[in-house]
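First the structure, in the form of structure tokens, and then the observations on it.
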Amino acid sequence: MFLNTAAIIGAAAVVIALFAAIIGARVLIFSSGSMAPAIPEGSAAMTIPRDTDDLQIGDVISVARAGDGKLVTHRIVDLTVHDGLTVATLKGDANPAADAAPYALGSQTQRVAFAIPHAGAALAVMKSPWFLGAVIALVVLAAIPTRPHSRKKPEHAKTESPKTEQGREA
């Protein structure tokens, strides 16, 4: 029963991962509390690419920070267009002020579709090579037959069960 459940969960995870890869979705794990209380530290979120023209003030987006390229996921507090380039001012919900510099956006931007509070720890474990090894081991164990194939004996090979002294079958 456990192995069947694990196999179903694993298959569902593969289907979800393939679908996410096809549409360009990303899974993020929040390592800071800058978006609390809406998205507390340790939450997991899924972002989906959206046309930048469809973004609105209040949307939560994920963009690369200038300089080091680290992802910043904050709420849009201002959107402006200069010479065809969309610029967003972002602010973390828990931060007292907006981010120091605005972010230039491309034609598509990763927008948070949903977040699951405190699910990041579980996802971090699933990204571990130890977890992957355990999943592979479970799949291998599930593939090993647990019962020998029953072979029907030919009619002439059937014999009666030996009887014990008291007349019961052994």
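The values are calculated or read from the model by the stated rules, or taken from the named source; none is laboratory data. Predicted model only: the values in this text are computed from it and were never measured. In this analysis, Cβ positions are derived from the backbone assuming ideal geometry, glycine residues included, and neighbour counts consider all displayed protein chains. These area figures cover heavy atoms from the full protein model, side chains too; ligands, DNA and RNA do not enter into them. Shrake-Rupley method; radii C 1.70, N 1.55, O 1.52, S 1.80 Å.
Annotations
- For the chain, the alpha carbon convex hull comes to 192 Å³ per residue, rounded to a whole number.
- For the chain, the solvent-accessible area of protein heavy atoms averages 72 Å² per residue (probe radius 1.4 Å; ligands and nucleic acids excluded).
- Counting only Cβ charges, +1 for Lys and Arg and -1 for Asp and Glu, the dipole size of the stretch 24-127 around its Cα centre is about 360 debye.
- A DSSP coil position with no more than 14 other Cβ atoms inside 10 Å describes the following trypsin sites (Lys or Arg not before Pro) in the stretch 1-78: 65, 70.
- Percentage relative contact order, the chain, counting C-alpha pairs under 8 Å, at least six apart: 22 percent
- Ligands, DNA and RNA left out, the 1.4 Å accessible surface of the chain is 62% carbon and sulfur atoms.
- Coil-residue trypsin sites (Lys or Arg not before Pro) of the stretch 80-149, DSSP, other Cβ within 10 Å capped at 12: 127
- Length-normalised contact order of the stretch 1-64 in % [C-alpha pairs under 8 Å, at least 6 apart]: 24 percent
- Dipole of the chain, positive direction: furthest Cα of 56, 139, 79, with charges on the beta-carbon: 139
- Overall shape: oblate for the stretch 1-65, with the ratio a/c of the largest to smallest alpha carbon gyration tensor axis at 1.5 or above and b/c at least equal to a/b.
- Considering only GluC sites (Glu not before Pro) in DSSP loops that have at most 10 other Cβ atoms within 10 Å, the longest stretch of the chain without any of them is 1-159.
- Cα long-axis angle, helix 129-143 against the chain (0 to 90 degrees, to the nearest 10): 30 degrees
- Degrees between helix 2-23 axis and first principal axis of the chain (Cα, 0 to 90, nearest 10): 30 degrees
- Here the calculated FRET efficiency for residue 1 and residue 53, from their Cβ-Cβ distance with R0 = 30 Å, stands at 0.05, rounded to the nearest 0.05.
- Efficiency of FRET between residue 32 and residue 107 - r from beta-carbon atoms, R0 25 angstrom, step 0.05: 0.35
- Net charge contributed by nearby residues that have their C-beta within less than 12 Å of residue 57 (K/R +1, D/E -1): 0
- From the alpha carbon centroid of the stretch 1-41 to that of the stretch 64-96 is 25 Å.
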